[in-house]
Every structure is written in C-alpha cells, then in structure tokens.
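Below is one structure, written out as structure tokens; the observations come after it.
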Amino acid sequence: MNCGRQMTGKGASQMTCHDWKDMMMGYLDNELDQEQKARFEEHLKGCPECKKELQEFKNLKSITDDVALAEPEEKLWQDYWGGVYNRIELGIGWIIFSIAAIILIIFGGFKAIENVIRNPGVECTLKIGLILLVVGLAILLVSVLRERIFFWKRDRYKDIQR
Ligand SMILES: [Zn+2]
C-alpha cells in the first residue's frame, strides 16, 4: 500500500491514493457527488492498486450486506415450525414427554410417599399434603397430554382437509 502517486489530468487536485481510499466506502455506498465519482473512476483507470483495494472493499461490503439480509431468518423458522411434519414432530414429542413425566411423577411420587407414610415420625397432615400434591401433578399432566393429543389430531385432520 505504498502507492503515493498523485492525481493527474483534468481537474485533478492534490489527491493521493491514500485520500482516495478514504472515499471508497462512500463510492460503494453511492454517496459521492457526480464530480467526485467521475474523478475517482478516472483515477481507478490508471491505478491498479486502488482498483484492487476497491474490489476488496466490495467483497467486504457484500459480506456485511449478506449479514444484514440474513435477519429475516426468523420468518424462515416460523415457516419451518409451521410446516406439517414439524407440527406432527412437535406433537409426538410433547406426547412422549408428557407420558414420561406422568410415569416418573406417579412412580417416583408413590415411592417417596410410601417412605413418608411408613415413617411414624411424619405428621398426618404432611402425608395427606404429599399425596394430594402427587395426585394433582398427575392430573395436570394427564390434561396436558390430552390437550396435546387433541391438537395433534386436529392438525393432522386440518392437513388432510387441505
Ligand atoms: Zn491509487
């Protein structure tokens, strides 16, 4: 980057390659006025180094533009999760998860309650509370499971209808 040549030709000021480099981004963003633009293009014709530099700037700019364009990715995800197969996948996932949770809570819960109930040192109220807690959780999970199966069936039905 040791260009240092000075502009010659029509209307040339004392601009060096270094000065032009400062203007490259402006040139790429189309922010230069007509005269600056024409002069810069004139300079490019006679200066391979600035031309090369401009190309590098262009590549850099296209990368950053791509990053900016990548933002609507969220919409892609929405489409993806809205897709038929992914809804079914999600539905099945939730159903399996709910079944597993019910099994774990009921069996684990009863094991824990068994221990508490067998322990004569634990108060009766606490025992009843624990039983109700486990039963309540199981009922909640069953209703979640039913809801999931309902939506899953409905989604499938909807897709067949289309
Ligand atoms: Zn130059």
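The values are calculated or read from the model by the stated rules, or taken from the named source; none is laboratory data. All of these numbers come straight from a predicted model, not from anything done at the bench. Using ideal geometry, Cβ is built from the backbone for each residue, glycine included, and neighbour counts are taken over all protein chains shown. Note: accessible area is taken over every heavy atom of the protein model, side chains too, but ligands, DNA and RNA are not part of it. Shrake-Rupley method; radii C 1.70, N 1.55, O 1.52, S 1.80 Å.
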Task: Subset of the stretch 16-54 [within 15 Å of the ligand (Cβ to nearest atom) and open to solvent by 90 Å² or more (accessible area, probe 1.4 Å)] - done: His18, Asp22, Lys45, Pro48, Lys51, Lys52
Task: Hits in the stretch 137-151 (condition: among the β-branched types (Val, Ile, Thr) and either open to solvent by less than 60 Å² (accessible area, probe 1.4 Å) or in contact (Cβ under 8 Å) with a residue 12 or more places away in the chain (or both)) - done: Val142, Val144, Ile149
Task: Residues that are of a type in the set (Val, Ile, Thr), over 18 Å from Val134 (Cα atoms) and open to solvent by 50 Å² or more (accessible area, probe 1.4 Å), drawn from the stretch 93-109 - done: Ile96
